[in-house]
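Peer 1: One structure follows; several queries about it will come next.
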Amino acid sequence: MYMGKQVTEAEPMDGLRILKDDLTGVATRALLALHLAGMQANTPVGSVYALDLSGLQAPGVTVWTIWRGEALLAVGALKELGNGSGELKSMRTHPDYLRQGAAARLLAHILAEARERGLRRLSLETGTGSSFEPALTLYRKAGFRNGVPFADYTQTAFNQFLHLDLAPVD
């Protein structure tokens, strides 16, 4: 047990641990609520595609959190779409830990997991405007490029789509 929740995976990294999260912990739920509130504050009603708790608990979605000691630094998820594709969901760093590398570590972990699962492409939908620029910088640094809508998304003035072709694991 860690922070009152079932731990199913841990990976030590320079004092950081990435855990496969069961979404029962108070800190995880609070960070996800903060994520949804942020999306709703920066995107018009009807244009927010962030998953709520039940969406993150759906089959085919895996959520990870990154911790330093008892502090939750960030959360992120991988949603399998089928046909070798996946979607990056719900990436959020706690405001107290911005620009300390937690999101980059978590993104690298999710990319490695996607490759291990044999996914050939990882995509994401995100918003537009200055509040989304730090995340876009992270995604582009990891190799994501702007592209067309995927899955059931529709292009609007308030969203954009990024894709990363994943090289197979040797």
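Peer 1: If you restrict to DSSP beta bridges whose two residues both lie in the chain, what percentage is antiparallel, to the nearest 5?
Peer 2: 90
Peer 1: Another one. Taking loop as defined by DSSP and a crowding limit of 16 other beta carbons within 10 Å, which chymotrypsin sites (Phe, Trp or Tyr not before Pro) in the range 60-157 fit?
Peer 2: F150, Y153
Peer 1: What number of lysine-lysine pairs in the chain show an alpha-carbon separation below 16 angstrom, given a sequence spacing of 8 or more or placement on distinct chains?
Peer 2: Count of close lysine pairs: 4.
Peer 1: Which of the peptides 154-165, 21-32 is most tightly packed, and how do the rest follow, judged by the mean count of other Cβ atoms within 10 Å per residue?
Peer 2: Going from most to least packed, we get 21-32, 154-165.
Peer 1: If each residue of separation counts as 0.36 nm, what is the full-extension length gain between S54 and A112 once their alpha-carbon separation is subtracted?
Peer 2: Going from the current span to full extension adds 18.4 nm.
Peer 1: For the chain, modelled as a Gaussian network with Cα springs under 10 Å, which listed residue fluctuates most, L36, L53, L19?
Peer 2: Sorting by GNM fluctuation, first place goes to L53.
Peer 1: Next question, about the same structure. For Y153 and R120, compute 0.36 nm times the residue count separating them, minus their Cα-Cα distance, and round to one decimal in nm.
Peer 2: Result: 9.9 nm gained on full extension.
Peer 1: Please turn the phi angles of the range 66-80 into ³J(HN,Hα) values with the Karplus equation 6.51 cos²θ - 1.76 cosθ + 1.60 (θ = phi - 60°), one per residue in order, whole Hz, x for glycine and proline.
Peer 2: So the J values, rounded to whole Hz, are 10, 10, 10, x, 9, 8, 7, 9, 7, 9, x, 9, 10, 10, 7.
Peer 1: May I pose another question? Test of understanding: what is the full-extension gain from E80 to A33, defined as 0.36 nm times their sequence separation minus their Cα-Cα distance?
Peer 2: 14.7 nm
Peer 1: In addition: More than 27 angstrom separation, counting every C-alpha pair in the chain; what % is that?
Peer 2: So the pairs more than 27 Å apart make up 20 percent of the total in the chain.
Peer 1: To continue, here is another question. Got a sec to turn the phi values of the range 127-142 into Karplus ³J(HN,Hα) couplings, 6.51 cos²θ - 1.76 cosθ + 1.60 with θ = phi - 60°, whole Hz, x for Gly and Pro?
Peer 2: x, 10, x, 4, 5, 9, 4, x, 5, 4, 4, 4, 5, 5, 5, 7
Every number here is computed from the coordinates shown, using simple stated rules; none is lab data. Nothing here was measured: the structure is a model prediction, and the numbers come from that model. Note that we place each Cβ from the backbone using ideal geometry, even for glycine, and neighbour counts take in every protein chain shown.
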